[in-house]
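Below is one structure, written out as structure tokens; comments come after it.
The values are calculated or read from the model by the stated rules, or taken from the named source; none is laboratory data. Keep in mind it's a predicted model, so treat the numbers as computed, not measured. Virtual Cβ from ideal backbone geometry, glycine too; neighbours counted across all protein chains shown.
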């Protein structure tokens, strides 16, 4: 919901942008930066949740596959073995990925705060807050970059803007906005490099899709083993797609096989949709950061800010999240 509000808020602001040092555009650019960084934070949290649950999913899936073992002793051996499938090597690899995702989340949160401070510069003398927030964002991005083997970036805002408060003349405001914009653009560019390196390092999109596939296999195994009720899958599906249809409850015994087959189809389609949504949201959020960086360049060259592309990217992202609910 916060993402939606921010999208339309900065869309309204960008419509009344002025030329020269585009103060209205700068304010809307601050809101755009907050929305873009928030979107990527959401993506990081989604992937992290998937990573955290993977060892359990793998083990439970293995246990459920022991359903066909009729001999009690062999069944027990099968269960004991399956419960240890997610060994220490898998857990160690997942821990590395979680560490990167957590550092990404922190860096994006710091960058989000820096954009909030940037937007405030237009309305009042928030130079001290802006300096602290931007330098904090640089520090967090550098921590992420170091983990990924990338170079460091250095903020120059403190030397140019300073932290003094008091009289806030128009020329000082313009200087503060332009200096902060330059640093934020450099921070965005470093963030995009880190995100691309992260994706290549861990094959993040492929990993996310594979983890969703594991969950699909888990649900299907649970259905086949009789420990997952098809009605629990069919009810929310009909409530969303055909609310006028009254599903029989409980499902008649003669229709159990049909209900299980229908539930399995829903599981297959829903999980594949989530995997595609996760990969697409990553790409679109990175595109949005790149689009915001382009508008920073315009602002620094005293051109009019135009957020049409950023708004389009974030609208597409919003639609992806809405469709996944």
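Computed quantities for the displayed model
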read-out: Test: residue in region 305-317 that is surrounded by fewer than 14 Cβ atoms within 10 Å (Cβ to Cβ), in a helix (DSSP H, G or I) and at pLDDT 80 or above; value: yes
read-out: Of all residues making up region 160-182, the number that are at pLDDT 75 or above and surrounded by fewer than 15 Cβ atoms within 10 Å (Cβ to Cβ); value: 2
read-out: Residue count, region 233-256 (criterion: loosely packed, with under 10 Cβ neighbours inside 10 Å and assigned to a helix (DSSP H, G or I)); value: 4
read-out: Test: residue 123 is within 30 Å of residue 189 (Cβ to Cβ), exposed (fewer than 14 other Cβ atoms within 10 Å of the Cβ), out of contact with any strand residue (DSSP E or B) (no Cβ under 8 Å at 6 or more places or on another chain) and at pLDDT 65 or above; value: yes
read-out: Flag if residue 71 is over 30 Å from residue 28 (Cα atoms), at pLDDT 85 or above and surrounded by fewer than 16 Cβ atoms within 10 Å (Cβ to Cβ); value: no
read-out: Criterion violated by residue 269 - all others in (1) modelled with pLDDT under 80; (2) out of contact with any helix residue (DSSP H, G or I) (no Cβ under 9 Å at 6 or more places or on another chain); (3) outside any helix (DSSP H, G or I) satisfied; value: (3)
read-out: Test: residue 140 is at pLDDT 85 or above, buried (at least 22 other Cβ atoms within 10 Å of the Cβ) and outside any helix (DSSP H, G or I); value: no
